[in-house]
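The values are calculated or read from the model by the stated rules, or taken from the named source; none is laboratory data. Because the structure is predicted, anything quoted here is derived from the model rather than measured. Using ideal geometry, Cβ is built from the backbone for each residue, glycine included, and neighbour counts are taken over all protein chains shown. In case anyone asks, the SASA skips ligands and DNA or RNA and just uses the protein heavy atoms, side chains included. Shrake-Rupley method; radii C 1.70, N 1.55, O 1.52, S 1.80 Å.
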Amino acid sequence: RGTMTVGEMAKALHKDASEVIKKLLFLGVMATINQELDLDAIQLLASDYGVEVELKIPVEEDKFEQFEEKDEEEDLMERPPVVTIMGHVDHGKTTLLDAIRKTNVTEGEAGGITQHIGAYQVETHGKKITFLDTPGHEAFTSMRARGAQVTDITIIVVAADDGVMPQTIEAIAHAKAAKVPIIVAVNKIDKPDSNPDRIKQELTEYELVPEEWGGDTIFCNISAKQRIGLENLLDMILLVAEVQEYKANPNKRARGTVIEAELDKGKGPVARVLIQHGTLKVGDSFVAGVCFGRVRAMVNDKGKKLKEAGPSTPVEITGLTEVPQAGDPFLAFEDERKARAIAEKRAITLRQSEMGANSRVTLDDLYKQI
Ligand code: GDP
Ligand code: MG
């Protein structure tokens, strides 16, 4: 899907195209004036200029919102935080995700076969935390670009023996653009040449200042490989969650976001969905993007069959007619016919917009605030 050209972006930023091109080059993107920028580059550029952009693809949103039941303040209940791990390649994201997953298997679930469903939950001090294990950058860019915000907290992993690198900076830019709290995990502290204080020093340049230096960014020294500092990291996540007070109404039809989907040979189309509001139950009809279905079976990340799933729970569901896309909005309906009708209408709208002039994210769709 096309977005904006360099020239259009420069105009939106009130800058010379040449300056923007130079800036892009500095950010590692080679571009000419008529070149279309991807959403990633637009976000990077904007955050570099201190401008906030909100990308809106008109078809995706409004239509869906109107069907959701509104919440009263008293309906809202605490829900687990949803955490994404980002950082430069080889700094230890995958190792950390695996280590956390193993650290913490809740009682009764021990021995369960862990399933890859795009996210998982751990429990510590009686509280749950949801981790997205789809690559952080993808989760951010593709989902945010489609109007879906799935992450509450971002952990930025920086290897203490390497330092701040281009993808570290990019991750910071994304988290800031999404206004998501950042926790810095300084990783690989087991290495003899690691220097955690140097990382802290380097990150002050990006306005991530540790508390002991008068800032408000939480830094955790860890070794994902040796499993050092992981409990503390989980505690810090809970601390942020406590301050932010993440809430949702569990007592309504489910709404969420598709985090992954595929066609399984045996099961047919499967979707891995993060439930964000309400509760999804087996038998519920739903719309996912332009697809619809009825929940036939629901499994969690431990391979356990669920009858229902509440806010912040990642589940794999079967019972779809087609395969939706990552980032697709998900909404349950009481009435199967209604779900089908809405999915079909959305499919038509999407097709029309793809054929028509609306297929590009134009200047009018970029709401910027300085
Ligand atoms: P990713 O690209 O960010 O997902 O990084 P990986 O998790 O794949 O880690 C890259 C390499 O760093 C692997 O060889 C890991 O074993 C190693 N690694 C990750 N965490 C640690 C750590 O805490 N200490 C040490 N010594 N090595 C680590
Ligand atoms: Mg990895």
- Hey, can you tell me all the residues within the stretch 235-270 that are farther than 19 Å from PRO80 by Cβ, touching a residue at least 12 places away in the same chain (Cβ under 8 Å) and open to solvent by 70 Å² or more (accessible area, probe 1.4 Å)? GLU262, LEU263, LYS267
- Could you please tell me which pairs satisfy a Cβ distance under 9 Å, a separation of 6+ or placement on different chains, a first residue in the stretch 72-96 that is over 22 Å from LYS179 (Cα atoms) and touching a residue at least 60 places away in the same chain (Cβ under 8 Å), and a second residue that is among the polar types (S, T, N, Q) and within 7 Å of ligand 1 (Cβ to nearest atom)? HIS91/ASN187; GLY92/ASN187; GLY92/SER223; THR95/ASN187; LEU96/ASN187
- Query: Which of the residues that make up the stretch 4-29 are of a type in the set (Ser, Thr, Tyr) and touching a residue at least 12 places away in the same chain (Cβ under 8 Å)?
  - Reply: THR5
- Item | Scope the stretch 316-340; condition acidic (Asp, Glu) and within 10 Å of ARG294 (Cβ to Cβ); matching residues | GLU336
- Message: For the stretch 264-280, check the following and say yes or no: at least one residue is part of a strand (DSSP E or B), of a type outside the set (Lys, Arg) and touching a Phe, Trp or Tyr at 6+ places or on another chain (Cβ under 7 Å).
- Response: yes
- Message: Suppose we keep only residues that are loosely packed, with under 12 Cβ neighbours inside 10 Å and polar (S, T, N, Q) within the stretch 12-36. Which one would you say is nearest to ASP48 (Cα to Cα)?
- Response: SER18
- Message: Looking at the structure I just gave you, is ALA177 closer than 19 Å to GLN244 by Cβ and within 16 Å of ligand 1 (Cβ to nearest atom)?
- Response: no
- Note on the structure: Scanning the stretch 207-217 for residues that are on the phi < 0 side of the Ramachandran plot and either open to solvent by 20 Å² or more (accessible area, probe 1.4 Å) or not aliphatic (A, V, I, L, M) (or both) gives VAL209, PRO210, GLU211, GLU212, TRP213, GLY215, ASP216, THR217
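This table checks each residue for (1) more than 16 Å from ligand 2 (Cβ to nearest atom); (2) hydrophobic (A, V, I, L, M, F, W, C); (3) modelled with pLDDT under 95.
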{"site": "GLU107", "(1), (2), (3)": "yes, no, yes"}
{"site": "ILE113", "(1), (2), (3)": "yes, yes, yes"}
{"site": "THR130", "(1), (2), (3)": "yes, no, no"}
{"site": "PRO135", "(1), (2), (3)": "no, no, yes"}
{"site": "GLY147", "(1), (2), (3)": "yes, no, yes"}
{"site": "ILE155", "(1), (2), (3)": "no, yes, no"}
- Message: Among the residues of the stretch 183-206, what is the count of those that are more than 16 Å from ligand 2 (Cβ to nearest atom), open to solvent by less than 90 Å² (accessible area, probe 1.4 Å) and either of a type in the set (Val, Ile, Thr) or within 28 Å of the chain's Cα centre (by Cα) (or both)?
- Response: 11
- Item | Matching residues in the stretch 67-102 - criterion: being among the aliphatic types (A, V, I, L, M), more than 16 Å from the chain's Cα centre (by Cα) and within 13 Å of ligand 1 (Cβ to nearest atom) | VAL89, LEU96, ALA99, ILE100
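Here's a check for you: in the stretch 281-307, which residue that is part of a strand (DSSP E or B) and touching a helix residue (DSSP H, G or I) at 6+ places or on another chain (Cβ under 7 Å) is farthest from ALA254 (Cα to Cα)? Before you say what the answer is, go through the steps one by one.
Let us first name the residues in the stretch 281-307 that are part of a strand (DSSP E or B), namely 281, 285-288, 291-299, 305.
With touching a helix residue (DSSP H, G or I) at 6+ places or on another chain (Cβ under 7 Å) added as a condition, the list becomes 285-287, 291-292, 294.
Working: SER285: 10, PHE286: 9, VAL287: 11, CYS291: 16, PHE292: 14, ARG294: 13 Å.
The qualifying residue farthest from ALA254 (Cα to Cα) is CYS291.
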- When both residues are 6+ apart or on different chains and their Cβ atoms are under 9 Å apart, which pairs have a first residue that lies in the stretch 152-167 and is more than 16 Å from ALA178 (Cβ to Cβ), and a second that is surrounded by fewer than 19 Cβ atoms within 10 Å (Cβ to Cβ) and of a type in the set (Phe, Trp, Tyr)? VAL164/TYR206
- Of all residues in the stretch 219-234 being in contact with a helix residue (DSSP H, G or I) (Cβ under 7 Å, 6 or more places away or on another chain) and open to solvent by 20 Å² or more (accessible area, probe 1.4 Å), which is nearest to ligand 1 (Cβ to nearest atom)? LYS225
- Which number in (1) at pLDDT below 95; (2) surrounded by fewer than 17 Cβ atoms within 10 Å (Cβ to Cβ) marks the one condition that GLY283 misses? (1)
- In the stretch 82-98, which residues are in a loop (DSSP other than H, G, I, E, B) and either more than 8 Å from ligand 2 (Cβ to nearest atom) or in contact with a strand residue (DSSP E or B) (Cβ under 8 Å, 6 or more places away or on another chain) (or both)? HIS88, ASP90, HIS91, GLY92
- Note on the structure: For the stretch 271-297, pairs from a residue that is touching a residue at least 60 places away in the same chain (Cβ under 8 Å) to a residue that is among the hydroxyl-bearing types (Ser, Thr, Tyr), with Cβ under 6 Å and 6 or more apart or across chains, are LEU274/THR257
